[in-house]
């Protein structure tokens with residue numbers, strides 16, 4: 001039986017068949033989303049899976065340093081392989097870790113990002129690996145926010161992608177822990193369709209009245225490959241559009 005084909009982006013080869021969750025639109029969008037990363041920045045990927053978000057981020061910011069953590073052993077193994085195959089071993093390390101017990105020695109991060117579990121309600125998958133990666137039973141919002149506030153530098157940035165239905169709750173909980181909303185990107189399939197996802201950026205202990213709010217719609221129409229200009233601009237470093 002032939003080995004599963006890797007996921008291909010421009011100049012990136014990413015295997016994802018071992019990881020608890022396969023590559024999807026959420027991870028690609030968060031990977032491509034512009035982040036405030038500078039030379040020497042220390043970045044943390046929580047629930048890294050196969051590493052797609054870090055691999056995309058490191059392509060745009062190769063002079064920073066990255067740590068990828070995941071609770072799933074197979075995901076960490078595949079993430080490590082992807083980092084090596086794409087030539088980023090000097091800039092990135094991978095660790096199997098439960099975020100609730102992750103206490104790196106004397107280290108705080110300048111930037112943290114995550115595509116976290118979010119299925120709070122509803123039918124849970126029978127597959128235990130998918131249960132861990134998709135449900136908040138193993139990492140709820142409170143656990144995540146507590147970890148961010150102890151791992152992030154004051155003034156540092158935290159990026160997260162969430163369903164619209166869960167975003168207001170997360171924003172309020174983050175605010176109570178001095179994680180203040182800095183910017184948000186509303187995402188919908190079409191210009192006039194409902195928002196289904198939000199990419200949120202928070203800053204620790206830094207509040208601003210000037211919230212940056214943008215809207216990304218992915219398609220102009222239901223015609224095949226009729227991508228919006230804003231989507232093509234966001235993904236131009238990773239995909240070739242005809």
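The values are calculated or read from the model by the stated rules, or taken from the named source; none is laboratory data. Values in this document were obtained by computation on a predicted structure and should not be read as measured data. Note that each Cβ is placed from the backbone with ideal geometry, even for glycine, and that neighbours are counted across all protein chains shown.
Filter region 223-242 for residues that are in contact (Cβ under 8 Å) with a residue 24 or more places away in the chain and over 18 Å from residue 59 (Cα atoms) and give the result.
Within region 223-242, just 228 meets the criteria.
Check off (1) in contact with a helix residue (DSSP H, G or I) (Cβ under 9 Å, 6 or more places away or on another chain); (2) surrounded by 15 or more Cβ atoms within 10 Å (Cβ to Cβ); (3) in a strand (DSSP E or B) for residue 182 and give me the number that stays unchecked.
Every listed condition holds for residue 182 apart from (1).
Regarding region 146-160, can at least one residue be identified that is at pLDDT 95 or above, out of contact with any strand residue (DSSP E or B) (no Cβ under 9 Å at 6 or more places or on another chain), over 25 Å from residue 56 (Cα atoms) and surrounded by 13 or more Cβ atoms within 10 Å (Cβ to Cβ)?
Checked against the condition, which is being at pLDDT 95 or above, out of contact with any strand residue (DSSP E or B) (no Cβ under 9 Å at 6 or more places or on another chain), over 25 Å from residue 56 (Cα atoms) and surrounded by 13 or more Cβ atoms within 10 Å (Cβ to Cβ), region 146-160 yields at least one hit.
Within 17 Å of residue 145 (Cα to Cα), free of Cβ contacts under 8 Å to residues at least 40 places away in the same chain and not in a loop (DSSP other than H, G, I, E, B): does that describe residue 202?
No, not satisfied.
Of the residues 39, 34, only one is within 13 Å of the chain's Cα centre (by Cα), surrounded by fewer than 18 Cβ atoms within 10 Å (Cβ to Cβ) and either modelled with pLDDT of 95 or more or over 19 Å from residue 237 (Cα atoms) (or both); which?
Checking each option against the conditions leaves just 34.
How many residues are surrounded by fewer than 12 Cβ atoms within 10 Å (Cβ to Cβ) and at pLDDT below 95 if we restrict to region 227-242?
Adding up the residues that qualify gives 3.
Out of all the residues in region 219-239, which are more than 21 Å from residue 114 (Cα to Cα), in contact with a strand residue (DSSP E or B) (Cβ under 8 Å, 6 or more places away or on another chain) and in a loop (DSSP other than H, G, I, E, B)?
Correct list: 220, 226, 228, 239.
Considering only region 122-141, I want to know if a residue exists there that is modelled with pLDDT of 95 or more, outside any loop (DSSP other than H, G, I, E, B), within 24 Å of residue 59 (Cβ to Cβ) and within 16 Å of the chain's Cα centre (by Cα).
For region 122-141, residues modelled with pLDDT of 95 or more, outside any loop (DSSP other than H, G, I, E, B), within 24 Å of residue 59 (Cβ to Cβ) and within 16 Å of the chain's Cα centre (by Cα): absent.
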